[in-house]
Amino acid sequence: MNNKKIVFLKMVVKNHPLLQENLEFSLVADQRVTTEDADDLTNLYGRVWINNITTIVGRNATGKTTTMQFLLGILELLLQNKSINQTRLGRVLYGDEPITVDTYFYGSNNALYMDEVIFEKVEDNWLIGQETIYVKKALTSTAKKEIFNFDGARVWEDREQLDDKLKSVLAPDDSIFRMLLAREKYQAQGIFDTLLFTNVNALFYNGAHVPQEILAFLDPSVEYLEIGQSDSGQSFYRLKFKNNSKEITDSNFATIEYYLSSGTAKAITMYQQVLRALQTGGIVFIDELENHFNQAIVRSFIQYFTDPTINKKRAVLIFSTHYSMLLDDLNRGDQIYVARRNVNIDLTRYSDFDVRQDIQKSEVFDADILKGTSPDYKAFMALVKATKEVINGE
């Protein structure tokens with residue numbers, strides 16, 4: 001059995017018209033790791049740890065979803081062997097100029113990799129113009145700040161140097177990273193995308209019976225919920241509430257949705273994706289984690305990834321949120337990315353801000369101490385004035 005794994009560390013995006021230059025997103029912890037917060041992290045080697053939970057927090061239109069889609073897209077391209085048009089990259093590649101993305105990985109055979117890919121627009125399609133994979137040894141003696149320095153690193157493969165036979169079978173929108181996975185026999189992290197369900201209420205569960213434990217936690221009034229398939233292949237739902245003899249059956253989810261709350265339906269769907277990530281040690285992406293959920297449900301999703309008796313495979317949760325109060329549930333500043341937008345989308349780790357440690361993170365965020373995390377007061381007062389004028393018929 002192959003036990004070699006490859007783990008995502010960091011992404012850097014360059015020359016994107018909507019993003020700050022060299023926009024970074026990293027799972028690697030940059031703060032000191034103590035015994036008190038060790039459950040929140042996974043040790044890769046030496047003093048290098050990655051966060052099991054990372055959130056992007058910001059007000060509306062600050063680029064949280066764009067960043068999530070970029071992360072998902074590049075990991076789908078590199079780790080899942082998908083073509084560009086099969087990933088979310090098609091939704092986030094903009095402009096006419098080439099866009100460069102550097103993505104860093106750790107191989108469990110003590111190797112560090114950087115994949116540098118340059119996306120180019122050809123007519124109306126985005127293709128891979130250039131791509132180079134670099135490799136270096138992961139040494140415990142290497143300073144943390146030098147982990148991502150690949151100056152002088154060996155070129156593992158250069159797309160332009162491939163022989164004609166390989167070039168002929170490699171599509172222009174496919175990455176050469178699949179060659180690394182195949183040759184080195186790496187087991188890639190599973191990537192679980194739940195962004196589809198951010199604003200869409202749907203119910204999916206890979207099993208005939210939704211576990212009673214889930215139902216009891218989400219809605220104690222539900223006796224059972226079963227999802228099967230009709231003879232035509234459509235989903236077929238059977239729902240029954242306690243103290244009610246009537247069983248609700250229908251192949252149309254809209255009927256079930258009338259009885260089952262949107263939060264319950266979404267939580268069942270999301271739970272399955274979270275469970276798959278925990279079982280395989282994958283990365284699950286959730287946009288607007290608080291959407292349709294109360295705080296207890298949100299906190300339960302987060303706690304799964306900080307409980308070593310549950311997160312045995314060291315899975316990773318990456319989520320976005322508008323709710324600053326969730327920040328106080330996170331122990332470390334390097335678990336939090338603050339999204340702000342003036343002209344371009346800016347992403348900064350909370351640990352990089354110079355803020356007092358005795359102030360709750362939610363207070364720092366809501367008081368706009370970081371600048372750009374709360375609605376502008378003048379804009380708010382202008383909206384109040386305009387609202388009064390409409391109400392008063394002025």
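The values are calculated or read from the model by the stated rules, or taken from the named source; none is laboratory data. Keep in mind that what you see is a predicted model, and the values were worked out from it rather than measured. Here the Cβ is made from the backbone with ideal geometry for all residues, glycine too, and neighbour counts use every protein chain on show. Heads up: the accessible areas ignore ligands, DNA and RNA and are worked out on the full protein's heavy atoms, side chains in. Shrake-Rupley method; radii C 1.70, N 1.55, O 1.52, S 1.80 Å.
Summary of computed values
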| quantity | calculated |
| --- | --- |
| Residue list for segment 79-105, restricted to those being in contact with a Lys or Arg (Cβ under 6 Å, 6 or more places away or on another chain) and either on the phi > 0 side of the Ramachandran plot or open to solvent by 20 Å² or more (accessible area, probe 1.4 Å) (or both) | Asn81, Asp96, Thr100 |
| Test: residue in segment 35-51 that is within 12 Å of the chain's Cα centre (by Cα) and either over 19 Å from Tyr350 (Cβ atoms) or touching a residue at least 24 places away in the same chain (Cβ under 8 Å) (or both) | no |
| Glu223, sole failed condition from (1) charged (D, E, K, R); (2) modelled with pLDDT of 85 or more; (3) assigned to a loop (DSSP other than H, G, I, E, B) | (3) |
| Out of Leu215, Leu166, Leu203, sole residue that is part of a helix (DSSP H, G or I) and either crowded, with 18+ Cβ neighbours inside 10 Å or under 21 Å from the mean Cα position of the chain (by Cα) (or both) | Leu215 |
| Selected residue (only one of Phe192, Phe236 is at pLDDT below 95 and open to solvent by less than 20 Å² (accessible area, probe 1.4 Å)) | Phe192 |
| Failed condition for Ile345, given (1) open to solvent by less than 60 Å² (accessible area, probe 1.4 Å); (2) under 30 Å from Ala216 (Cα atoms) | (2) |
| Test: residue in segment 57-78 that is buried (at least 22 other Cβ atoms within 10 Å of the Cβ), in contact (Cβ under 8 Å) with a residue 60 or more places away in the chain, of a type in the set (Phe, Trp, Tyr) and within 27 Å of Val274 (Cβ to Cβ) | no |
| Residue satisfying condition, being under 30 Å from Gln189 (Cα atoms) and at pLDDT below 80, within set Gln357, Gln303, Gln295 | Gln295 |
| Enumeration of residues in segment 1-54 that are modelled with pLDDT under 95, open to solvent by less than 40 Å² (accessible area, probe 1.4 Å) and of a type in the set (D, E, K, R) | Asp37, Asp40 |
| In segment 265-317, the residues that are closer than 26 Å to Ser108 by Cβ, open to solvent by 30 Å² or more (accessible area, probe 1.4 Å) and either of a type in the set (Ser, Thr, Tyr) or without any contact (Cβ under 8 Å) to a residue 40 or more places away in the chain (or both) | Leu275, Gln279, Thr280, Tyr304, Thr306, Thr309, Ile310, Lys312, Lys313 |
| Top-ranked residue in segment 169-187 [being open to solvent by 50 Å² or more (accessible area, probe 1.4 Å) and among the hydrophobic types (A, V, I, L, M, F, W, C); ranked as nearest to the chain's Cα centre (by Cα)] | Ala182 |
| Boolean, Asn291 is part of a loop (DSSP other than H, G, I, E, B) and either within 26 Å of Tyr237 (Cβ to Cβ) or charged (D, E, K, R) (or both) | yes |
| Condition check for Phe197: modelled with pLDDT under 85, open to solvent by less than 30 Å² (accessible area, probe 1.4 Å), in contact with a helix residue (DSSP H, G or I) (Cβ under 7 Å, 6 or more places away or on another chain) and within 22 Å of Ile283 (Cβ to Cβ) | yes |
| Qualifying positions in segment 112-148 - more than 21 Å from Glu76 (Cα to Cα), crowded, with 16+ Cβ neighbours inside 10 Å and among the aliphatic types (A, V, I, L, M) | Ala138, Ile147 |
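Yes or no, residue by residue, for (1) in a loop (DSSP other than H, G, I, E, B); (2) touching a Pro at 6+ places or on another chain (Cβ under 7 Å):
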position: Gly90; (1), (2): no, no
position: Leu93; (1), (2): yes, no
position: Thr100; (1), (2): no, no
position: Asp115; (1), (2): no, no
position: Phe119; (1), (2): no, yes
position: Ile133; (1), (2): no, no
position: Thr140; (1), (2): yes, no
position: Phe148; (1), (2): yes, no
position: Asp151; (1), (2): yes, no
